[in-house]
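Notes to accompany the following structure.
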Protein chains: 2
Amino acid sequence: MGKNLTSRAEDYSKWYNELVVKSDLAENSGVRGCMVIKPYGYAIWEKMQAQLDKMFKETGHENAYFPLFIPKSYLSKEASHVEGFAKECAVVTHYRLKNAEDGSGIVVDEDAKLEEELIVRPTSETIIWDTYRRWVQSYRDLPILVNQWANVVRWEMRTRLFLRTAEFLWQEGHTAHATKEEALEEAEQMMHIYAEFAENYMGVPVIKGTKTESERFAGAEETYCIEALMQDGKALQAGTSHFLGQNFAKAFDVKFATKEGNQEYVWATSWGVSTRLMGALVMTHGDDNGLVLPPKLAPIQVVIVPIYKGLDQLDAISEKVEPLVKELRSKGISVKYDKRDTHKPGFKFNEYELKGVPIRLAVGQRDLENGTYEVARRDTLTKETVKAEEIVEKVASLLEDIQENIYNKALDFRKKHITEVDTYEDFKKVIEEKGGFVSAHWDGTAETEDKIKEETKATIRCIPLGAQKEEGKCMVTGKPSEQRVLFAKAY
Amino acid sequence: MGKNLTSRAEDYSKWYNELVVKSDLAENSGVRGCMVIKPYGYAIWEKMQAQLDKMFKETGHENAYFPLFIPKSYLSKEASHVEGFAKECAVVTHYRLKNAEDGSGIVVDEDAKLEEELIVRPTSETIIWDTYRRWVQSYRDLPILVNQWANVVRWEMRTRLFLRTAEFLWQEGHTAHATKEEALEEAEQMMHIYAEFAENYMGVPVIKGTKTESERFAGAEETYCIEALMQDGKALQAGTSHFLGQNFAKAFDVKFATKEGNQEYVWATSWGVSTRLMGALVMTHGDDNGLVLPPKLAPIQVVIVPIYKGLDQLDAISEKVEPLVKELRSKGISVKYDKRDTHKPGFKFNEYELKGVPIRLAVGQRDLENGTYEVARRDTLTKETVKAEEIVEKVASLLEDIQENIYNKALDFRKKHITEVDTYEDFKKVIEEKGGFVSAHWDGTAETEDKIKEETKATIRCIPLGAQKEEGKCMVTGKPSEQRVLFAKAY
Ligand SMILES: [Zn+2]
Ligand SMILES: [Zn+2]
């Protein structure tokens, strides 16, 4: 397997597209904008799901499942939501096909036209709040803490694997609360959970913050988000959590009887992360040799490659390796022993580098004689020779090192790519030449935000949480500002 | 919570519909034919998924994900498949909505008509084989052993929760092999895995067999299935596994180079089980008091209900119960301690009976004094008093007993409901009056099968695997037959 991978420096975007396909994560399908997530990619997504699901359940959430289809009229019930979501979407208009009368194949049966069109869910607030109306009568029915793992569809004209696809997989949490405070706490909590997941499992450092009004989710009163920085200096929104106020409760008439017997509207949140995280994972850690996977999400944490001539040597190696495989597995480490005789070791080395396997052990005749393994780590591409009796311990500690190291490397990169500027001239220069996050004063108006976006393509990624207040002047209008916000070009 | 559950004897169908809703498994949504799977129902489905997924992976399968949409033309490529699946389905014709010019709301944007309609997948053979063409070049690329967990849509006019819904959740395995033998083995293997799951986890005895030609999956050369018997004497197909021959390989031009360098078409299987299994679970074990869940799939295996007057008594009880909860959990038993003060013990007893929780422990002031628990098992509705020091062991062994008992009960029922008949007159009588499986001789023709179906509504559920050969005469035509087959009315 020659990698033939375009380098990041040459063309970052091309590097990404090639890498996703060549490393067997995903590929385009015959359906415009819809991807096939291949087994290797899906195995990573499953690990993400398992960990997130655990964190959701630990915080009291349960899973449920709601319909794929949303009646068109539901979308219209929440005014700003329909503006945001009813536009580019897949519309089901008929429920039957028939054989064409001229024998040319199958055609839509015009007699089977739906009275009301159905929209393939772009997000499920409307269908879920229509359901919650039946579930909520009294304060005793609250809170509802429900999550759904599902596919959603948003028609996209320009698509890229994982980053922007017409269909994608995600989870969407939808909670209902008796008080505003509780809903706000929930929305914040989920942002923190997303951040913990991104940093401790994906090894992707993120900045927590809130969105400006114009960048908010359609129907939200506050959008919390986590923002990551890719190696090309562009930001990527890795998760959002929305405080929806009483907007959906009002749109779908969801009221509850309080302890005191009053009727009040329910408070809502929704929050989600998607297969987009796969894109963030690739772009944060990947290098010119391929993927670099965090050990906690790697489907294969350790690969063992025998180097041999003839079956006798292979047998001798296998005799040594097979007990090691068992021992590593008993410690919860996922190991692949690749003794395929159809491929040369060099081919295999390339393949597992491309696929980002954190640790590679190689063992040949000389290692057998010396009682050693050659240990290669994917993140640093360094090798060392380790005694067989120390190998289990070494592998376990290396996995921890690698997990930590790739996070720190990404964190260093981000630290170097947050630039404070005070003039619009500097701003434009940094955005254009250096990239990354730019921390600047802004007057708080959508007009200025729009102007900056139009002129530089940079958007306000977030108003960072817990940032210090600092009196300043908007770099564009000179109007007063109380806090710097983070701008960047973004995916 | 008064149950107000219709009894099975009174109206089995109504009993089922009410039970599914009242026990919080699922409910109808505002979208015709699409259900909402509620958290309690989804928790059971998650346990089913986890176990099946484990069994699939243990037999070498990996998960992947393929597009929700199938271009209309794909469906036409396999002739019998299109006949079976292209008829009642959800058709996406447009990709945009817009504001109506008269301000009346949002309407379909006629300028955004798709060149080719997309079908919401009713099953994924076509899109997957279109993908496999890109994955397979040589025998080295085979076998492909892939499974997908997904939602599918088949437009149904009359729907029932879990049993027949427009959208349902399922898994679909799609494998590709170099030889016919290997594909046949795979298809058989998956039938056996389904049977093992049904019997050992769901506690549902099943008969393994093959379908007659007219009952086969559209595009299959052989369909293996497992058939269960419900308490009303109707059969329910609980899982199918198809040997697809080279039909899809030919339709999508998927060839591989053999070791010898020839080009051959790939052999295929597909196999699936769906949320229909939830219906089978309810109908196999449920009684007039509600669900009866097998311990291996119960979200709550043990519920503990305190019986107290005043908070002092509750505190004393909790002091004893909380360490028990921990101990049971440490043994992997899922426990709920329901000390809600908003509901009376009798209400709680009813609720957990309705929800099929296998074991209920009650503890009151007298138990506290005596150092005992009242233990009630859901399957037999019997109670006994157990000493506190023996309770952990008792619970563990009871869970095993219950799992075994409900299986045996269902097996007894089925044994009593397989009737051998030799005349068509007897056949009609048994089908009409007693129900269950009827074992009879049939001449092997679709004509006779059709006639029987028209006249009695009974279909051939399967040609049982491993049944003894027995010379006989078709009960309808008198033509020779070599083996009895199983008829039943079916869901
Ligand atoms: Zn942000
Ligand atoms: Zn059968």
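Each value in this text was obtained by applying a stated rule to the coordinates, not by laboratory testing. Everything numeric in this text was worked out from a predicted model, so none of it was measured. Methodologically, a virtual Cβ is constructed for each residue, glycine included, from the backbone with ideal geometry; neighbour enumeration extends over all protein chains shown.
Is the C-alpha gyration tensor of segment B:1-65 telling us rounded, prolate or oblate? Criteria: a/c under 1.5 is rounded; beyond that, a/b larger than b/c is prolate, otherwise oblate. Since a/c reaches 1.5 and a/b is larger than b/c, the shape of segment B:1-65 is classed as prolate.
Mind running the shape call on segment A:281-360? Use the C-alpha gyration tensor, a ≥ b ≥ c as the square roots of the eigenvalues: rounded below 1.5 for a/c, prolate if a/b tops b/c, oblate otherwise. In terms of gyration-tensor shape, oblate. Global dimensions of segment A:418-489 from alpha-carbon coordinates: Rg and Dmax equal 10.8, 29 Å.
By the count of neighbouring beta-carbon atoms within 10 Å, fewest first, A:VAL152, A:VAL392 end up ordered A:VAL392, A:VAL152. Counting only lysines at least 8 places from B:LYS453 when in the same chain, those with an alpha carbon closer than 19 Å to its own are B:LYS211, B:LYS234, B:LYS428, B:LYS429, B:LYS434, B:LYS473, B:LYS479, B:LYS489. Residues with beta-carbon under 12 Å from that of B:GLY105, excluding B:GLY105: net charge, scoring Lys, Arg +1 and Asp, Glu -1? Overall, the nearby charge balance is -1. Shape summary of segment A:326-386, radius of gyration then Dmax from alpha carbon positions: 12.1, 30 Å. For B:LYS57, the lysines whose Cα comes closer than 18 Å to its Cα, not counting residues fewer than 8 places off in the same chain, are A:LYS38, A:LYS47, A:LYS326, A:LYS336, B:LYS47. How much net charge surrounds B:TYR352 when only the other residues with a Cβ under 11 Å from the Cβ of B:TYR352 are counted, with Lys and Arg +1 and Asp and Glu -1? Counting the neighbours of B:TYR352, the net charge comes to +2.
Could you tell me the calculated FRET efficiency between B:ASN408 and B:LEU465, based on Cβ-Cβ distance and R0 = 22 angstrom, to the nearest 0.05?
The formula returns an efficiency of 0.50 here.
Full extension of the chain between A:LYS250 and A:ASP109 gives 46.9 nm of extra length, using 0.36 nm per residue less the Cα-Cα distance.
Between copies, the label points of A:GLU425, set 7 Å from Cα on the Cα→Cβ line, lie 10.9 nm apart, reported in increasing order to one decimal in nanometres. A point 7 Å from Cα along Cα→Cβ stands in for B:ASP338, and the other copies hold the same point at 5.3 nm, listed in rising order. For the residues of B:162-168, the average number of beta carbons from a partner chain within 10 Å of their own beta carbon is 2.
Each of B:CYS474, B:CYS34 was scored by other Cβ atoms within 10 Å of its Cβ. Listed from fewest to most, they are B:CYS474, B:CYS34. Label-point spacing at A:LEU314 relative to the other copies reads 6.8 nm, in ascending order, each point sitting 7 Å out from Cα along Cα→Cβ. Within 10 Å of the Cβ of each residue in B:155-161, the mean number of Cβ atoms contributed by other protein chains is 1.
Annotation: the antiparallel percentage among DSSP beta bridges lying fully within segment B:302-398 is about 55.
Screening chain A for whole DSSP H helices of 24 Å or more along their axis (Cα) with average Kyte-Doolittle hydropathy at least -0.5 returns A:310-330, A:391-416. If you restrict to DSSP beta bridges whose two residues both lie in the protein assembly as shown, what percentage is antiparallel, to the nearest 5? The antiparallel fraction comes to roughly 85 percent. Residues whose amide H lies under 5 Å from that of A:VAL204, counting only those 5 or more places away or on a different chain, are A:GLU199; hydrogens are built 1.01 Å from N in the peptide plane. Dipole size of chain A about its Cα centre, with +1 on Lys/Arg Cβ and -1 on Asp/Glu Cβ: approximately 860 debye, rounded to the nearest 20. With neighbour counts taken as other beta-carbon atoms within 10 Å, the residues A:SER29, B:SER334, A:SER481 rank, fewest first, as B:SER334, A:SER481, A:SER29. Taking only the C-alpha atoms of segment B:228-347, the Rg (one decimal) and the largest Cα-Cα distance, Dmax (whole number), read 26.2, 83 Å.
Extending 7 Å from the Cα toward the beta-carbon at both B:HIS192 and B:GLU116 defines two label points whose distance is 4.0 nm.
Here the Debye sum runs over all C-alpha atoms of chain A as equal scatterers in vacuum, and log10 of I(q)/I(0) at q = 0.06, 0.07, 0.10, 0.11 Å⁻¹ comes out as -0.35, -0.47, -0.88, -1.01. Mean projected area of the convex hull spanned by the Cα atoms of the protein assembly as shown, taken over all viewing directions: 46.6 nm². Using the rule -39500 (n - 2.57) for each DSSP H run of four or more residues, divided by the residues of chain A, the 222 nm mean residue ellipticity is -10500 deg cm²/dmol. Can you grab the distance from the C-alpha centre of segment A:349-394 to the C-alpha centre of segment B:107-170, Å, no decimals? The two parts, judged by their Cα centres, are 42 Å apart. DSSP beta bridges fully contained in segment A:418-489 are about 75 percent antiparallel.
Straight-line reach from A:LYS387: taking Cα to Cα under 17 Å and skipping same-chain neighbours fewer than 8 places apart, the aspartates and glutamates in range are A:GLU319, A:GLU322, A:GLU327, A:ASP367, A:GLU369, A:GLU374.
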